[in-house]
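Following: one structure in structure tokens, then a few remarks.
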Amino acid sequence: MTGGSLRLRLLAGAGVAIALALLVAWFAMTWLFDGHVERRVEDELLVQVRPLLADLQLARGVPVAGSEPADPRFAVPAGGLYWQASTGAGAIRSVSLWDSHLPAAASAPADRWRIRRAAGPFGQHLLLMERAIRLQPQEPPVIVQLGYDLAKLAPAQREFGREMALFLVLLWAVLALAAWAQVGLGLRPLRRVGQEVERLRRDASARLGGTYPRELAPLIESIDALADAREADLVRARRRAADLAHGLKTPLAALAAQSARAREGGAAAMADGLDSSIAAMRAAIDGELARTRISLVSEGRSTVALPLIERLIAVIEQTGAGERVAFSLACDESATLPLASDDAAELLGPLLENAARHARRLVHVAVETVGDQRMLIVGDDGPGLDSAQRDEAILRGARLDSGGEGHGLGLAIARELAEASRGDLALARSPLGGLEVRVGWTLSA
Amino acid sequence: MRALVVEDDPVVASELVRGLAAAGFVVDLAGDGQQAWFNGDVEDYDVAIVDLGLPRLDGLSVIKRWRDAGRGFPVLILSARGDWTDKVAGIEAGADDYMAKPWAMEELVARVRGLLRRAAGRSSPTLEVGPLRIDTHRMTATLDGAFVKLSPLEYRLLDYLAHHAGRAVPATELSDHLYGDGDAENANAIEALVARLRRKLGADTIQTRRGFGYILPATAA
């Protein structure tokens, strides 16, 4: 099951929300713009008709205009600007009305201009301003009407709407970009958590720790607690597996003893069968122990090489093979191997033991850094292996499952430990004449 | 030859006793750590074979207590635990060899004999050259009173130089003594041994006389 992309979800949400907000803004702004333009028109009309109102008179109840508005549109038929003054007895109107008239108004307020929209002459839709003006107290009121063809405003309104839409689309793009950056910034700690969890998957002893945003702290604590529980389980499982394997070895030794007695008693065939089974069980136990160890190799550990090598050599020098060879060391006191001490001992031990077994006089051990590689080199002056034999040795010890007893298993353990710690193991010809085992790790920057 | 077998598993113990007895040893058996510590402390054994996982007192603690009490007989650890970390811990506790179970009796007897051979045959107990004191019985050395752990080869080289203190010993002579031949190809091995001894004893302890050989000064180190 997949929950989709959180980033995509956040970005889509932000994109839609911003678009909706900008759409509402577009409607609001065009509405405000229309209102503003119409108010400007109203103001302009009032200015235009001021001379008319100033010289308006009644002659036998019919309005008479002393002077007319100067705007030429009042003089052009269907020009878009209209005025009309009317009483019950008659009316006068602008030339632009030609033989039409503005929609009749039975009454109009005397204290203010009434504004409305109405269908006018020539099929035009008009903005109408109306007011009743009483010229003399004893005279009837004159209803003055001013008309403006709203179609004249449409181009400006359309242009404003278009430009505003373009601007808002650009604004949407900028805001969407900002949202994308914001989401990226917000999700960055989660990506870091993801990388750290990946490290934790590879290394049971790793923890997230570090500095994370306050909001992620509960998650980090939960993951670390889970990692603690997992590591404890692994350690417990490792201990149980090791205890089980070691526990089996003593009965196996007892079985071997009984096999020896059977052989002495003349039951050689039975003893051979027992010995074969014991050898298989021993290989299986040793393999299982090694696998348990390899499965728990921790990253990010390191061990100072020299003291460990010295201690391992001290063990090997006690053996028959080790007591007859000399060990030469080329290793800085501060040089490290990228493994935990126990793992490094299990890797180095078999290599040193192997070298001592095959050396004539000398085993050379070196830890050196070449470029970004940390190299562990164990060579001997024994008979060595030719190229085909080296390939065969690598193949024979390639996997724990197929490695038998002896150094096949030791080499397999060393190789798998190297690989588990992100290193690699190779066989070469030693300058001393014998076999050289080279284990290399790439050092992280 | 008296041997002490320290093993709690009765079948394994009886097999060890039987195998060692067949090889000519007089064998005592201790079934737990306390008993083993007591036996090793009061009896004179030529060699002990010790299991590590013992009831009452673990094998490493038994060996440490023997060594702390000055009991110097060779000890071979025979344990189900075969990790290198365990081997290192065993040797550092004072054991002389380590074998993992299950074992082959022939190999065990051979290694016990090897231990006995190393520990035996030293008439002169100590040899002193300047601040260096060599215990030829235990095949150990101390420098200004501090114990220095030596491999058998290192010991033999130092022992030879100490017996010829003040004389430059050619590498071929050392090779002849250590390996039974004066093969010039052994020069690298001799040089590596000297380098390791210098690391353990101090850079000036063994000096090189170019064209003559290695010298352990008779009075100073």
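When the dipole is taken about the Cα centre of the range B:52-141, and only Lys, Arg (+1) and Asp, Glu (-1) are charged at their Cβ, what size is it in debye, to the nearest 20?
Roughly 240 debye for the range B:52-141.
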Original post:
Based on the Cβ-Cβ distance from B:ASP41 to B:ARG199, what FRET efficiency comes out when R0 is 41 Å, to the nearest 0.05?
Top reply: 0.70
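Can you give the FRET efficiency to the nearest 0.05 for B:THR142 and B:ASP32, using r as the Cβ-Cβ distance and R₀ = 56 Å? Mind dumping the intermediate values first?
On the way: r = 34 Å, r/R0 = 0.61.
The formula returns an efficiency of 0.95 here.
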Original post:
Under the definition of partner shielding as Cβ atoms of other protein chains within 10 Å of a residue Cβ, what is the mean value for peptide B:96-103?
Top reply: 6
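Taking neighbour Cβ counts within 10 Å as the exposure measure, how do A:GLU221, B:GLU191, B:GLU15 sort from fewest upward? Mind dumping the intermediate values first?
Details: A:GLU221 12, B:GLU191 16, B:GLU15 22.
Arranged by neighbour count, lowest to highest, A:GLU221, B:GLU191, B:GLU15 become A:GLU221, B:GLU191, B:GLU15.
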Subject >> Violating pairs (Cα-Cα greater than 26 angstrom) within the set B:LYS87/B:LYS200; B:LYS101/B:LYS200; A:LYS249/B:LYS149 >> reply: B:LYS101/B:LYS200; A:LYS249/B:LYS149
**OP:** Provide B:TYR179, B:TYR214, A:TYR82 in ascending order of the number of other Cβ atoms located within 10 Å of each residue's Cβ, fewest first.
**Re:** B:TYR179, B:TYR214, A:TYR82
Original post:
When chain B is treated as a GNM, springs tying every alpha-carbon pair under 10 Å, which of B:THR208, B:THR140, B:THR85 comes out with the largest mean-square fluctuation?
Top reply: B:THR85
Original post:
How would you classify the range A:30-82 from its alpha-carbon gyration tensor, with a ≥ b ≥ c the square roots of the eigenvalues: rounded for a/c under 1.5, else prolate if a/b is greater than b/c, otherwise oblate?
Top reply: prolate
Subject >> Computed label-point distance, nm, for sites A:ALA118 and A:SER5 using a 7 Å Cα→Cβ extension >> reply: 6.1
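Within 10 Å of each Cβ of B:12-21, how many other protein chain Cβ atoms are there on average? Each step should come with its number before you reach the end.
Details: counts 9, 2, 3, 7, 2, 0, 4, 2, 0, 0.
So the per-residue partner count for this stretch is 3.
Quantify how strongly other chains surround peptide A:308-315 by giving the mean number of their Cβ atoms within 10 Å of each of its Cβ atoms. Don't skip to the end; give the middle numbers.
Values: counts 3, 0, 4, 8, 5, 2, 7, 10.
That works out to 5 on average.
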Original post:
Which order results if A:ASP372, B:ASP32 are arranged by neighbouring Cβ count within 10 Å, fewest first?
Top reply: A:ASP372, B:ASP32
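Let me check I've understood the local charge: for A:MET129, count other residues with C-beta under 12 angstrom from its C-beta, Lys and Arg +1, Asp and Glu -1. What total comes out?
Values: positive: A:ARG39, A:ARG112, A:ARG114, A:ARG116, A:ARG117, A:ARG131; negative: A:GLU38, A:GLU42, A:ASP43, A:GLU44, A:GLU130.
Neighbour charge sum, excluding A:MET129 itself: +1.
Nearest 500 deg cm²/dmol is fine: what mean residue ellipticity at 222 nm does chain A get from its DSSP H runs of n ≥ 4 alone, each adding -39,500 (n - 2.57), divided by its residue count? Please list the in-between numbers first.
Values: 8 runs with 228 residues, N = 445.
One gets -18500 deg cm²/dmol as the mean residue ellipticity at 222 nm.
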Original post:
Farthest toward the dipole's positive end in the range A:215-266, which of A:ALA257, A:ALA242, A:PRO218, given Cβ charges of +1 (Lys, Arg) and -1 (Asp, Glu) about the Cα centre?
Top reply: A:ALA257
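Per the Cauchy relation, a quarter of the hull surface: what is the mean projected area of the convex hull of the alpha carbons in the range A:90-204, in nm²?
Quarter of the Cα hull surface area: 14.3 nm².
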**OP:** Can you check how the C-alpha radius of gyration of the protein assembly as shown compares to 2.2 N^0.38 Å, as a plain ratio?
**Re:** 1.96
Original post:
What distance in nm separates the simple spin-label points at A:ALA181 and B:GLU191, each placed 7 Å from Cα in the Cβ direction?
Top reply: 6.5
Original post:
B:GLU92 to B:THR126: extension gain in nm, 0.36 nm per residue of separation minus the Cα-Cα distance?
Top reply: 9.9 nm
Original post:
Hey, what angle do you get for helix B:152-163 against the long axis of chain B, alpha-carbon based, 0 to 90 degrees rounded to 10?
Top reply: 40
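Could you work out [θ]222 nm for chain B from helices alone, using -39500 (n - 2.57) per DSSP H run of at least four and dividing by all its residues? Round to the nearest 500 deg cm²/dmol.
Details: 8 runs with 94 residues, N = 221.
Mean residue ellipticity at 222 nm (helix-derived): -13000 deg cm²/dmol.
Taking square-rooted eigenvalues a ≥ b ≥ c of the alpha carbon gyration tensor, is the range A:142-220 rounded, prolate or oblate, where a/c under 1.5 means rounded and, failing that, a/b exceeding b/c means prolate? Each step should come with its number before you reach the end.
On the way: a/c = 9.56, a/b = 4.54, b/c = 2.10.
Taking the square roots of the gyration eigenvalues as a ≥ b ≥ c, the range A:142-220 is prolate.
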Original post:
If you take the square roots of the eigenvalues of the alpha-carbon gyration tensor of the range A:236-334 and sort them as a ≥ b ≥ c, do you get rounded (a/c under 1.5), prolate (a/b over b/c) or oblate?
Top reply: oblate
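What's the magnitude of the charge dipole for the protein assembly as shown around its Cα centre, counting Lys and Arg as +1 and Asp and Glu as -1 at the beta-carbon? Answer in Debye, nearest 20. The partial results should precede the final answer.
Working: 76 positive and 85 negative charges, 454 e Å.
Here the protein assembly as shown has a charge dipole of around 2180 debye.
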Original post:
In chain A, which whole DSSP H runs stretch at least 18 Å along their own axis (Cα) and average -0.5 or higher on the Kyte-Doolittle scale?
Top reply: A:6-54, A:154-202, A:217-264, A:268-295, A:341-358, A:407-420
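Values in this text are rule-based calculations from the coordinates and carry no lab data. All values reported here derive from a predicted model rather than from experimental measurement. Cβ atoms come from the backbone with ideal geometry, glycine included; neighbour counts cover every protein chain shown.
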